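This report concerns only the one structure given below.
Read-outs throughout are calculated quantities, based only on the coordinates presented, and are distinct from any laboratory measurement. Bear in mind the structure is a predicted one, so any value in this text is a computation, not a measurement. With ideal geometry, Cβ positions are generated from the backbone for all residues, glycine too; neighbour counts draw on all protein chains shown.
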Amino acid sequence: MTETLSKYIPTAAVELVFELIKTNNVHLKIVNERVTRHGDYRKLTNGQHQITVNASLNQYRFLMTLVHEIAHLVAFTKYGRNIKPHGIEWKQTFTLLMLPFLRPEVFPSQLLPLLARHFKNPKATSDTDARLSLALKQFDLPNDKNYIFEIPQGGTFRLYNGKIFKRGNKRVKRYECLEIATGRIYLFNPNAEVEFLK
């Protein structure tokens, strides 16, 4: 297991992660990329805890996603299944589990201040933390995707599902985008990744 983990997460995190997996009896599945999520946690009918994480994530995002999902398991076990999935119990658990990893041997120094800020009140996904998401993206393999905020106003873009939109005005935090086929307006996070149609 440690050999497999070392392919996906920073070397300095392998032993700690292995202990988390062992202690919490996690069945880890590394899967092909799913566009809508980085990972998930499920308690199977046989009582086993299954966590899946996308193989395509960079090592820092993979580590955060894996610990994020283990935090769900730990929070549900400690507080019961009636808690909100990303409520206060999960936030506290996630922060507590991440603390041993927030050091320069695991994360590059330029990420540490952003991670420290993020873990004061972690979000349901690091993607909604625009600054952290951008900083993590620099460690991704190159791709042809753009963020919504990089698309010029009036520019068109395509989602992973083939739907085409025209970027509109920014509201407080999100961008209004018009779906070309239906004329409906949708709101997008500024750091949603899309394909810019030039």
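Counted by neighbouring Cβ atoms within 10 Å, the residues 131, 61, 171 run from fewest to most as 171, 131, 61.
Comparing 44, 159, 187 in a Gaussian network model of the chain where C-alpha atoms under 10 Å apart are linked, the largest mean-square fluctuation is found at 44. Annotation: for a label point projected 7 angstrom from Cα along Cα→Cβ of residue 139, residues of region 78-118 with backbone N closer than 13 Å are 101-116.
With neighbours defined as other Cβ atoms within 10 Å of a residue's Cβ, the residues 1, 64, 98 order from fewest to most as 1, 98, 64.
One entry in [x] 17.5, 56; [y] 19.5, 68; [z] 18.1, 52 is Rg and Dmax of the Cα atoms in Å calculated from the shown coordinates; its label is [z]. Considering only 182, 52, 156, the Gaussian network model of the chain with Cα springs below 10 Å gives its largest mean-square fluctuation to 182. Using Cα springs under 10 Å in a Gaussian network model of the chain, which residue among 31, 67, 17 shows the largest mean-square fluctuation? Result: 31 has the largest fluctuation of those listed. Computed about the Cα centre, the dipole magnitude for region 56-198 is approximately 480 debye when only Lys and Arg (+1) and Asp and Glu (-1) carry charge, each at its Cβ.
The H on the amide N of residue 145, modeled in the peptide plane, is under 5 Å from the matching H of no residue at least 5 residues off or on a different chain. Within the chain, DSSP assigns beta bridges of which about 80% are antiparallel (rounded to the nearest 5). Counting only Cβ charges, +1 for Lys and Arg and -1 for Asp and Glu, the dipole size of region 2-137 around its Cα centre is about 400 debye. The distance between label points at residue 170 and residue 102 comes to 2.7 nm (points 7 Å beyond Cα on the Cα→Cβ vector).
If I stretch the segment between residue 56 and residue 81 completely, what's the gain in nm (0.36 nm per residue apart, minus their alpha carbon distance), one decimal?
6.0 nm
The modelled label-to-label distance for the pair residue 1/residue 180, using points 7 Å beyond Cα in the direction of Cβ, is 4.8 nm.
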